[in-house]
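Inspection log for the structure reproduced underneath, given as structure tokens.
The values are calculated or read from the model by the stated rules, or taken from the named source; none is laboratory data. Nothing here was measured: the structure is a model prediction, and the numbers come from that model. Cβ coordinates were reconstructed from backbone atoms using ideal geometry, including for glycine residues, and neighbour counts include every protein chain displayed. With ligands, DNA and RNA removed, areas are computed over all heavy atoms of the protein, side chains included. Shrake-Rupley method; radii C 1.70, N 1.55, O 1.52, S 1.80 Å.
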Amino acid sequence: MTQDTIWKIQTKKPSVNLTLPELFDILLQNRNLTTAKDIEDFLSPNLNGITEMIFEDMQKSISRIEKAIKNKEKISVYSDYDADGISAAAILWETLKSLGADVMPYIPDRIKEGYGFSKVGIKSVSDTGVSLIISVDHGVTAVEEIEYAKSLGVDVILTDHHIIPDKSPSPYSLIHTTLICGAAVSWKLSYELHKHFKLPLENIYEKLSIASIATIADQMPLTSHNRAIVKHGLEYLRTTKRPGLVELYSVASIQKSKMDEYHLGHIIAPRINAMGRLDNAIQSLRLYCTNSPQKAKELSKILEETNIKRQNLTMTGVTDAFKLVDENKKIIILDSPDWHEGIIGLIAGRINDKFNKPTIIISRGKLFSKGSARSVAGVDITELLRTSSQDLLEDVGGHTMAAGFTVKTENIAKLKKSIYEYFEKKYQNQKFYKEVVVETELSPHLINLDLYSKIQKLRPFGNSNSEPVFLLKNQLVKRISKVGSDQSHIKIDLENISCIGFRLAEKSSSIRYGDYIDIIFSLNLNEFNGRSSLQLVLIDLAKTGDKNIQRA
């Protein structure tokens, strides 16, 4: 069974009898937007924050790049293999190419080389005559690798957004901030190069389309600089002429003019990511950068087929993992030789979502195995792994809510035992709940198209700016039915509106016609045959009086 969910209402007192302007004020206040300037900057974000951002080594980096171009040196843009890294590589490669640079991209193989810089990768590009490497979306932990590059006579410009550790590398120059994603850092460098070499700035602004995909894919907080990037990037995505993106829209059945952040996070980014998970991510980079409609068709087909394979592997892995879960354990640790290491993070996420427990999924290899972990509020999963592993891990990295690691296969049993014992002792009296933040309680009269239109002003939604979730209490169920090919969804008709609840059939099993229920939901516009109607998308539901509702 899934763990219980707490509904936490952000307003401190009931606020049912609201006008629409009052309700919108509450939504702004819940986002800490209280002054006229804060509200204006949020609703109409501009790019000044990122274009005027200052980096200590920016001019040094530009001078080195200018020297490389003048002397016809070979340059390598060395990226990570996820959507952020691929997007960062596309932005910088196109910029350098437009400056006449002799530049080649390099994306490591997930299985053979692992994440980030490797001596194998550095040697590979050095052997082709490269004397300048520009990293994108990685590098701040690569102390030994940077020294190795220097020993080969290769300068390294690091551009990254990950947290710099206590022991940091010494590259030729460093362009770094944690405020934006790797592709946005790459965009900033490219913007300064456009200015320095007097290239048309419209060319770099168009590349916000790519930076916005990466910002959503990397789940950056959609406030300040990131909000501006996505807001402006979506405008370019809705009119893009990039053959690769146009074809990707086509195979994914996306109407270009209606592109939004949902499409980026759930449809576009997974296809870009799929190549790095299961194959070579260079194909996604080629899709971004190709000018050939025919090549775009071929590449979009490859991405689509790879993503379908990724979906099938994930579905099979999740189904198998569900069967192995011991619900009596406070932490879930599962391993299998059948799980591809490129999708174990996705499996961990699905298990974590269902059971709301820290989850560790291990892809068992012959000598070494890869692990991916997802956590819950109150448990720093990276610290947990480092503290409880008793030096059994070959490497581990990540942050509070997610981590990855390598372990010798012969040590998996010892690792499990050590983590179980440590966790049971440290969290023996703790029960984990999934918390859903609710904006406020609504009265049914406010649920209309005017409210929906008002909410759209807060888009794009995402991390740190979630789509508003509301509470509606004491609603009469007029009709309830299970829907979907596997009957895992529910459709409920209330007095004056219909609701859809994805994967909520299990939670609704005790609810019948004539019951009164409390629901939390977001608003969705259902368009059919040219007509638009509101639909409530259920997040959770309970019989009236059964749910302990908390206020912040």
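Residues in the range 516-544, backbone N under 18 Å from the label point at GLU506 (7 Å along the Cα-to-beta-carbon vector): list them, ranges by number please. Counting only backbone N, you get 538-543. Taking the helices alone, the chain has a mean residue ellipticity at 222 nm of -12000 deg cm²/dmol, built from -39,500 (n - 2.57) per DSSP H run of at least 4 residues and averaged over all its residues.
Ranked by solvent-accessible area (1.4 Å probe, protein heavy atoms only, all chains present), the residues ASP137, ASP279 order from largest to smallest as ASP279, ASP137. Applying 1/(1 + (r/R0)^6) with R0 = 35 Å to the Cβ-Cβ distance of GLN428 and LYS167 gives a FRET efficiency near 0.50.
Computed in the context of the full set of protein chains, the accessible area of the chain at 1.4 Å probe radius has 48% of its extent on carbon or sulfur. 3J(HN,Hα) along the range 286-302: 5, 4, 4, 9, 5, 9, 9, x, 5, 5, 4, 4, 5, 5, 5, 5, 4 Hz, from the Karplus curve 6.51 cos²θ - 1.76 cosθ + 1.60 with θ = phi - 60°, whole Hz, x for Gly and Pro. Counting only heavy atoms of the protein chains and using a 1.4 Å probe, TYR516 has close to 110 Å² of accessible surface.
With only Lys, Arg, Asp and Glu charged, each at its Cβ (+1 for the first two, -1 for the last two), find how big the charge dipole of the range 1-101 is about the Cα centre; round to the nearest 20 debye. Before the final figure, lay out the partial values.
On the way: 12 positive and 15 negative charges, 61 e Å.
So the dipole magnitude of the range 1-101 works out to roughly 300 debye.
Placing pseudo-labels 7 Å out from each Cα toward the beta carbon at SER481 and ILE6 gives an inter-label distance of 3.8 nm.
Dividing the radius of gyration of the alpha carbons in the range 231-362 by their Kirkwood radius gives 1.07 for Rg/Rh.
Along the range 134-144 the Karplus relation, 6.51 cos²θ - 1.76 cosθ + 1.60 evaluated at θ = phi - 60°, assigns HN-Hα couplings of 10, 7, 10, 6, 6, x, 6, 9, 8, 5, 5 Hz to successive residues, with x for each Gly and Pro.
Per-peptide packing, taken as the mean over residues of other Cβ atoms within 10 Å, places 334-341, 389-396 in the sequence 334-341, 389-396 from highest down. Amide H contacts of ASP540: ILE520, each under 5 Å away and 5 or more positions distant or on a separate chain (H built 1.01 Å from N in the peptide plane; Pro and chain starts excluded).
Using a 1.4 Å probe and ignoring any ligands, DNA or RNA, find the accessible area of TRP93 and quote it in Å² to the nearest 10. Probe radius 1.4 Å; accessible area of TRP93 about 60 Å².
Taking the dipole about the Cα centre of the chain, with the C-beta of Lys and Arg at +1 and of Asp and Glu at -1, give me whichever of THR400, ASN526, ALA142 is farthest to the positive side. Farthest towards the positive pole: ASN526. The simple spin-label model puts a point 7 Å past each Cα toward its Cβ; for HIS399 and ALA36 those points are separated by 3.5 nm.
Between GLN456 and ASP353, the simple spin-label model (points 7 angstrom out along Cα→Cβ) gives 2.6 nm.
Can you sort MET104, MET315, MET275 by 1.4 Å-probe accessible area, starting with the largest? Numbers along the way, then the final one.
On the way: MET104 60, MET315 120, MET275 0 Å².
Order by accessible area, largest first: MET315, MET104, MET275.
Going by accessible surface with a 1.4 Å probe and the largest first, VAL120, VAL251, VAL103 read VAL120, VAL251, VAL103.
Can you give the relative contact order of the chain as a percent, counting alpha carbon pairs under 8 Å and 6+ residues apart? Show your work: numbers first, answer last.
On the way: 1049 pairs, mean separation 79.0, N = 552.
The value is 14 percent.
With +1 on each Lys and Arg Cβ and -1 on each Asp and Glu Cβ, and nothing else charged, work out how big the dipole of the range 220-333 is about its Cα centre, in Debye to the nearest 20. Numbers along the way, then the final one.
Values: 18 positive and 11 negative charges, 63 e Å.
It comes to approximately 300 debye.
Close amide H partners of LEU222, meaning residues 5 or more places away or on another chain with modelled amide H under 5 Å apart, are ASN463, SER464, ASN465. By a 1.4 Å probe calculation restricted to protein chains, GLU527 has an accessible surface near 110 Å², given to the nearest 10. Normalised size of the chain, defined as Cα radius of gyration per 2.2 N^0.38 Å with N residues, equals 1.02. Dipole check for the chain: with +1 at the C-beta of Lys and Arg, -1 at the C-beta of Asp and Glu, and the Cα centre as origin, the magnitude is about 780 Debye. In this structure, the amide hydrogen of ILE175, modeled 1.01 Å from its nitrogen in the peptide plane, lies closer than 5 angstrom to those of LEU158, THR159, ASP160, counting only residues at least 5 positions away or on a different chain.
Volume per residue for the range 105-240 equals 131 cubic angstrom (convex hull of Cα atoms). Packing here is the average count of other Cβ atoms within 10 Å per residue, and on that basis the peptides 263-273, 448-458, highest first, run 263-273, 448-458.
Relative intensity of the range 307-397 on a log10 scale, I(q)/I(0) at q = 0.12 Å⁻¹, equals -0.35, per a Debye sum over C-alpha point scatterers of equal strength in the absence of solvent. At a probe radius of 1.4 angstrom, the accessible area of the range 1-128 per residue rounds to 49 square angstrom.
How far, in nm, would the chain grow between LYS366 and GLN59 when pulled straight, counting 0.36 nm per residue and subtracting the alpha carbon separation? Working shown, then result.
Working: separation 307, 0.36 × 307 = 110.52 nm, distance 4.76 nm.
Answer, rounded to one decimal: 105.8 nm.
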